[in-house]
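Report on one structure; see the data block that follows.
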Amino acid sequence: MNLGIIAAGDGQRLKDEGFKEPKPLIKIQGITLLERALNVCEKYKFDSCSLIINENFKVDVLSSGILNKYKKIKINCIFKSTPSSLHSLNELKSFLSGDSFCLMTIDSIYRESEFKEFIKSAGNDNQHDGLIAVTDFVDDEKPLWTGLNKDNRITGFGDEFKSSGFVTGGIYFFRKGIIEHTDTALANNKVRLRNFLQYLIESGIILKAVPFSKIIDVDHAGDIAAAEKFLHENENN
């Protein structure tokens with residue numbers, strides 16, 4: 001299984017709040033978001049880690065030396081600004097198409113024990129084409145509500161499913177072949193990852209929701225403090 005990391009955004013909200021560091025170099029408990037992603041790849045023995053990082057962050061990320069610290073990991077890194085999250089995923093296609101893969105946004109903070117179970121489920125599940133982490137902790141300007149049936153099979157995405165109480169959390173698992181749908185989705189003007197997820201459902205792809213207790217997206221200064229508190233409270237879990 002491979003790991004894909006999306007970090008092609010410009011982190012404008014953090015910039016507006018006075019942060020000069022690129023988002024991948026923002027620190028949570030003294031560890032950058034980039035290091036957290038690579039630590040996950042190393043600890044869970046993914047075959048490779050493929051990242052797309054905003055091209056405006058290239059100098060800072062390379063000069064940090066972080067990518068050179070992980071000698072045991074096969075790292076594929078693209079520095080490019082893209083118009084949408086689905087374009088970012090499509091840029092990683094050549095690295096991720098050969099096998100099943102886990103995909104994460106670089107700013108997702110979660111309980112490691114829950115991620116461990118997510119990866120375990122991905123390895124053991126032969127009934128679904130993909131798994132998506134969901135949470136009933138909603139702290140996002142534009143959450144993606146997720147419709148579920150009684151077996152946690154996903155029925156759709158969008159505001160019409162708000163009654164479910166669950167939103168996507170930026171952590172995904174897809175089986176081999178799913179990423180091949182990105183070209184067709186883009187050709188049909190499905191330009192965001194959230195649109196791609198709905199496109200998969202409409203195309204007959206079977207996705208299952210895996211509930212997490214909480215997933216925090218680090219988009220604002222307040223999210224950093226919240227993430228540090230959350231990790232401290234769960235550091236033994």
Restricted to the range 167-178, and to residues that are among the hydrophobic types (A, V, I, L, M, F, W, C) and under 17 Å from E202 (Cβ atoms), which residue is farthest from the chain's Cα centre (by Cα)? I178
When restricted to G147, G98, G130, the only residue over 19 Å from S213 (Cα atoms) and modelled with pLDDT of 95 or more is G130
Among the helices (runs of 4 or more DSSP H) lying completely within the range 1-71, list those that include at least 1 residues that are of a type in the set (A, V, I, L, M, F, W, C) and under 17 Å from the mean Cα position of the chain (by Cα). 33-43
For the range 143-179, which residues satisfy the criterion of being buried (at least 16 other Cβ atoms within 10 Å of the Cβ) and without any contact (Cβ under 8 Å) to a residue 40 or more places away in the chain? P143, W145, G147, F161, S164, V167, T168
From D223, D219, residue being assigned to a helix (DSSP H, G or I) and buried (at least 16 other Cβ atoms within 10 Å of the Cβ): D223
Every pair of residues 6+ apart whose Cβ atoms lie under 8 Å, when the first sits in the range 198-214 and is farther than 18 Å from K150 by Cα and without any contact (Cβ under 8 Å) to a residue 24 or more places away in the chain while the second is part of a loop (DSSP other than H, G, I, E, B) and polar (S, T, N, Q): Y199/N188
Looking at R153, is it more than 17 Å from the chain's Cα centre (by Cα), basic (K, R) and at pLDDT 95 or above? yes
Working only within the range 79-89, note down all residues that are surrounded by 19 or more Cβ atoms within 10 Å (Cβ to Cβ) and either of a type in the set (S, T, N, Q) or outside any helix (DSSP H, G or I) (or both). T82, S85, S88
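The values are calculated or read from the model by the stated rules, or taken from the named source; none is laboratory data. These numbers come from a predicted model, not from an experiment. As a convention, Cβ positions derive from the backbone with ideal geometry for all residues, glycine included, and neighbour counts pool all protein chains shown.
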